[in-house]
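Chemist: This structure is in C-alpha cells; I'll ask about it shortly.
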Amino acid sequence: MVEFGKRVKFFPAIALVQHLQQAKLHLQLQAALKKLDRFDLLVLDDLGYVKKSEAETSVLFELIAHRYERKSLLITANQPFSQWDAIFADSMMTVAAVDRLVHHALIIDIQAQSYRKQSAQARSPSPT
C-alpha cells in the first residue's frame, strides 16, 4: 500500500487497544478514532493478545465499527474466527465484529510453521 501513496500505520494490537482505552477514560475516544482516519490502512498485529475484558474489547469493537466501510484494517491473529470468543467479552460482540470484518475482506489463512520457530531451529545445534 505504501508503494501506492497510501498511509499505513502498524500497531501491536494490545498497544493500540491500550491507547484507545486511555482515550476513552479521558472522553476522547471519538477524537482518537478520527485521528486514526488519516491512515488508509491500520495493521493490528497479534489480536489474540488482547485480553477478554469489557474495557479492552469494547474499544477494539469501537475501532472495527468506526472503520467499517470507511478505511482498511489488516489484522493478524493466531486463532480462527471460531475461537474469537476468547478475545471478545461476549459472543454477540464477537459475531458483530467478525461480521463487519469479513464483509469486504480478503482472508488469508496461513497453515505453516512459524518463521520464528524455524529460525530458532536453524540456530540450534543439531543433536549428535
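Chemist: Just one of (1) free of Cβ contacts under 8 Å to residues at least 12 places away in the same chain; (2) surrounded by fewer than 17 Cβ atoms within 10 Å (Cβ to Cβ); (3) not acidic (Asp, Glu) trips up Gln79, so point out which.
Modeler: The single condition Gln79 does not satisfy is (1).
Chemist: Can I ask one more? Against the conditions (1) outside any strand (DSSP E or B); (2) open to solvent by 80 Å² or more (accessible area, probe 1.4 Å), where does Ala32 fall short? Just the number, please.
Modeler: (2)
Chemist: A further question follows. Name every residue in the range 89-104 that is open to solvent by 50 Å² or more (accessible area, probe 1.4 Å) and under 15 Å from the mean Cα position of the chain (by Cα), in order of residue number.
Modeler: Asp99, Arg100, Val102
Chemist: For the range 35-47, enumerate the residues that are surrounded by fewer than 16 Cβ atoms within 10 Å (Cβ to Cβ) and modelled with pLDDT of 95 or more.
Modeler: Once the filter is applied, which keeps residues that are surrounded by fewer than 16 Cβ atoms within 10 Å (Cβ to Cβ) and modelled with pLDDT of 95 or more, the range 35-47 yields Lys35, Asp37, Arg38, Asp40.
Chemist: Oh, and also: For the range 15-29, give me the residue count where each residue is open to solvent by 30 Å² or more (accessible area, probe 1.4 Å) and either assigned to a helix (DSSP H, G or I) or modelled with pLDDT under 95 (or both).
Modeler: Qualifying residue count for the region: 7.
Chemist: Do you know which of the residues in the range 35-70 that are in a loop (DSSP other than H, G, I, E, B) and under 18 Å from Val102 (Cα atoms) is nearest to the chain's Cα centre (by Cα)?
Modeler: Asp46
Chemist: Read through the list (1) in a loop (DSSP other than H, G, I, E, B); (2) open to solvent by less than 100 Å² (accessible area, probe 1.4 Å), then give the number of the only condition that Ala122 fails.
Modeler: Single failed check for Ala122: (1).
The values are calculated or read from the model by the stated rules, or taken from the named source; none is laboratory data. This is a predicted model, so every value here is computed, not measured. FYI the Cβ positions are ideal-geometry reconstructions off the backbone, even for glycines, and counts take in every protein chain you see. Ligands, DNA and RNA are excluded from the accessible area calculation, which covers all protein heavy atoms including side chains. Shrake-Rupley method; radii C 1.70, N 1.55, O 1.52, S 1.80 Å.
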